[in-house]
Structures are given as structure tokens and as C-alpha cells.
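Below is one structure, written out as C-alpha cells, with a few remarks after it.
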Amino acid sequence: MSVRMIRVKIEAGKGAEVEQAVKEVFAEIEAAQPQGVHYASCRLPDGVSYVILLGLDDDEHNPLFALPAFRAFQENLKGWLAEPPAIEPLTPVGSYRMF
């Protein structure tokens, strides 16, 4: 399994729009129940920074891209970002139902 941490900072004033889109993505994920993916999105205390954790059983295939809400979110994210995202690979050393 590959695990990544993605840190993003959005433009001030875009929070409500971003969070509505995130809710739509997670509603679609819940409905579709894609296999082989572990995904979480967390807002940091500053209100404009987010940490996304993504675990994929197959690094060559991200089942989230099959979901229209996820694809729309990825496209819209370009206009919400205050700076480029930082993507870092992670090596889990312990996890309970996360990965």
C-alpha cells in the first residue's frame, strides 16, 4: 500500500465553498464504497490549511477518479489554492483502521 499526505492552503474566503465540495466528495465515496482506497481530509486550526491522507492498495489505480464529484473537486481545487500543494509519501508504522 502506498500512503501520501497532501497539504494544501486555500485562498481566504474560499472555505465554505471548499468544505461543501468536500462533503459532496465524501457523500459520493460513501455511496460508491470504492475498494482499495483510504481517504481522509482534515482542516487545520488556521482555517485555510488542510491535510489529506490518501492510502491506495494499488498505486497504479486510484478508484476515486471514477467518481464525478472527486474529479470536479480536483478541477475546482486549482482555483481555490493559495499555493501549490505539498505531497509527501508516508510510511505507516502503526495504524488502526486508517490504512
Computed [θ] at 222 nm, helices only, for the chain once each DSSP H run of length n ≥ 4 contributes -39500 (n - 2.57): -10500 deg cm²/dmol
- request: Can you tell me the 0 to 90 degree angle between the C-alpha axis of helix 68-80 and the longest principal axis of the chain, rounded to 10?
  value: 40
query: Taking Cα atoms, how many degrees apart are the long axis of helix 15-32 and the longest axis of the chain, rounded to 10 and kept between 0 and 90?
result: 30
Estimated FRET transfer efficiency when R0 is 35 angstrom, pair Phe65-Ala12 (beta carbons, to 0.05): 0.75
Alpha-carbon gyration tensor eigenvalues x 5, square-rooted, for the chain, Å: 22, 17, 12
query: Using 0.36 nm per residue, how much length does the chain from Leu44 to Lys23 gain when fully extended, once their Cα-Cα distance is taken away?
result: 5.9 nm
- prompt: Extent of the range 35-78 along each principal axis, from alpha carbon coordinates, in Å, largest to smallest?
  reply: 33, 20, 13
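Each value in this text was obtained by applying a stated rule to the coordinates, not by laboratory testing. This one's a predicted model, so the numbers in the text were calculated from it and none came from an experiment. Don't worry about glycine lacking a Cβ; one is built from the backbone with ideal geometry, like all the others, and counts go over all protein chains shown.
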